[in-house]
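Reviewing the structure listed below.
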Amino acid sequence: MNEVLSAFRSCFSRTATFEWFIIIIVGLMLRTDRLGVTTLIRDLSLHPRSYETLIHFFRSSAWSLESLRLTWLQVIRRVAPLFSLNGAVVLVGDGMKQAKEARRMPGVKKLHQESENSSKAQYIFGHLFGAIGILMGTPQKWFCLPLFMNLQDGVKTMFGWSGSSERQDSHVVQMMDQGFAAAKPFGKALLLLDRYFLSVPALKRLNEWNAPGTTRMHIITKAKSNTVAYEYPSATKKRRGRPRKKGAEVKRKSLFQSRADAFQTAQVAIYGKDEAVPYLCLDLLWGQGLYQKLRFVLVQLGDQLSILVSTDLTLEATDIIRLYGYRFKIECTFREMKQAIGGFSYHYCSKSMSKLKRYLKKGEIHPLEQVTNEKDQTNIRLTVKAIEGYVMCSCIAMGLLQLLAVKYSHRVPARFFRYLRTPSFLKIRLWSICANLFFACSLTTRMYPYRK
């Protein structure tokens with residue numbers, strides 16, 4: 001922990017701010033409930049006057065989110081046992097929605113969530129985060145270590161105040177930008193995404209980033225069953241006019257019946273189990289007006305029919321199937337960040353922001369567009385920084401726990417391979433709490449010499 005956290009010293013212009021950063025990270029690792037920064041004060045036995053300091057930390061000008069993210073990427077590159085395939089690291093991306101009821105919290109927007117659980121509402125008011133993680137661990141257990149998360153919806157007006165083009169695109173296009181920013185330190189990467197992100201704007205942005213050639217990133221995702229692809233245009237038939245961009249239309253769902261004899265069977269590790277998977281690999285054109293060459297892998301696993309897609313035409317079909325099985329690791333990361341780390345338990349609001357209207361009429365101006373005072377705009381932007389900074393610190397705390405689990409898993413019985421607070425980890429967690437509390441209290445004593 002000392003080796004990892006010391007690398008962040010260059011991100012802070014003041015020593016006191018850096019020491020508070022360490023206390024926050026340790027507190028997030030050891031917190032016992034999800035009640036914001038007050039949990040850190042109780043669990044670390046800090047003075048009640050520290051509450052104002054902790055609140056101010058996330059709005060402080062002594063550090064920036066960008067430097068924190070870049071340093072975290074460099075730390076992961078140096079110390080984490082990363083999963084790689086053909087020299088490319090494996091990134092995992094997805095969106096995450098967190099319900100928030102505050103009326104003066106920037107970025108809160110009405111969101112639609114799809115779920116088979118009837119206890120979840122169809123529409124919620126909250127934040128939409130775009131998250132990028134990286135696959136790391138051991139062959140026995142792989143983790144999706146969170147790299148960074150940021151707000152990707154409801155903040156377009158705020159970032160437009162300064163005339164910046166940042167976050168002015170759709171959620172899908174912003175995910176390509178995030179993935180490429182995470183791939184730069186590694187040079188070559190594969191990004192695993194859900195089928196929601198397979199779109200023409202996303203592929204166009206991906207091609208723009210890959211054009212210089214210094215960093216290469218490919219995506220592996222899933223296609224909808226009702227989408228249409230095209231065969232390669234025939235080059236033998238000559239006719240007048242410009243060359244054809246596409247060939248015959250192919251309805252991919254019908255291929256499971258029409259090309260049933262061409263399916264091959266291979267043993268592939270899916271969700272930790274070796275299974276015999278029938279598959280068919282085809283290279284087709286996809287995207288209305290784009291017609292980009294993609295590799296489609298039709299998979300038939302029991303009664304489930306899936307169509308996987310890769311922009312890398314050199315990947316084997318079995319590798320595409322195996323890699324897409326790791327995409328669900330980011331869902332496990334979201335669960336632990338919500339339930340154990342409390343990474344989304346922030347309560348940052350701003351008096352400078354107009355009260356949120358839950359039901360805007362058609363043509364009615366959004367309250368944020370009526371904010372013209374520069375000081376109010378600055379306060380709202382600082383609130384957005386506080387929200388994203390809190391989530392970023394939670395990502396670092398989560399990643400530290402995962403790194404500790406991988407490095408010291410040999411000290412735990414094989415049947416208890418865990419990395420968070422569980423009954424089977426009682427003795428180890430007590431030892432960890434005592435050691436980390438001693439570390440945090442020693443820093444507190446340095447900042448408050450009059451306290452023992």
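Read-outs: derived from the displayed coordinates by stated rules, not from any lab. Computed from a predicted structure; not experimentally measured. Virtual Cβ from ideal backbone geometry, glycine too; neighbours counted across all protein chains shown.
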Checklist entry - When ranked by the protection proxy of mean other Cβ atoms within 10 Å per residue, highest first, what sequence do the peptides 43-49, 104-110 form? => result 104-110, 43-49
Checklist entry - Based on the Cβ-Cβ distance from Leu404 to Lys338, what FRET efficiency comes out when R0 is 25 Å, to the nearest 0.05? => result 0.80
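What is the gain in length, in nm to one decimal, between Ala211 and His112 on full extension, counting 0.36 nm per residue of separation less the C-alpha to C-alpha distance?
Result for the pair: 32.2 nm of gain on full extension.
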Checklist entry - How far is helix 426-447 tilted, in degrees, relative to the longest principal axis of the Cα atoms in the chain, given as a value from 0 to 90 rounded to the nearest 10? => result 60 degrees
Item to check | Set of lysines near Lys156 by C-alpha distance (under 20 Å), chain-local residues within fewer than 8 positions excluded | outcome: Lys97, Lys100, Lys109, Lys110, Lys351, Lys355, Lys357, Lys361, Lys362, Lys375, Lys385
Checklist outcome for this item: Looking only at aspartates and glutamates whose Cα falls under 16 Å of Lys293's and that sit 8 or more positions away or on another chain, we get Glu208, Glu231, Glu249, Asp283, Asp312, Glu316
Next on the checklist: Straight-line reach only, C-alpha to C-alpha below 16 angstrom: list the lysines that Lys407 could link to, leaving out same-chain residues fewer than 8 apart.
Outcome noted: Lys141
Item to check | 0 to 90° range, to nearest 10: angle between helix 374-407 axis and the chain longest Cα axis | outcome: 80 degrees
Next on the checklist: Can you compute the helix-only [θ] at 222 nm over the chain? Use -39500 (n - 2.57) per DSSP H run of at least 4 residues, normalise by all residues, nearest 500 deg cm²/dmol.
Outcome noted: -10500 deg cm²/dmol
Checklist outcome for this item: For the chain, longest principal axis from Cα atoms; helix 15-30 axis from its Cα atoms; angle between them, nearest 10 degrees, is 70 degrees
Item to check | Sequence ranges 172-181, 5-14, 205-214, ranked by mean other-Cβ count within 10 angstrom, highest first | outcome: 172-181, 5-14, 205-214
Checklist entry - How much length, in nm to one decimal, is gained on full extension between Arg195 and Arg242, taken as 0.36 nm per residue of separation minus their Cα-Cα distance? => result 13.6 nm
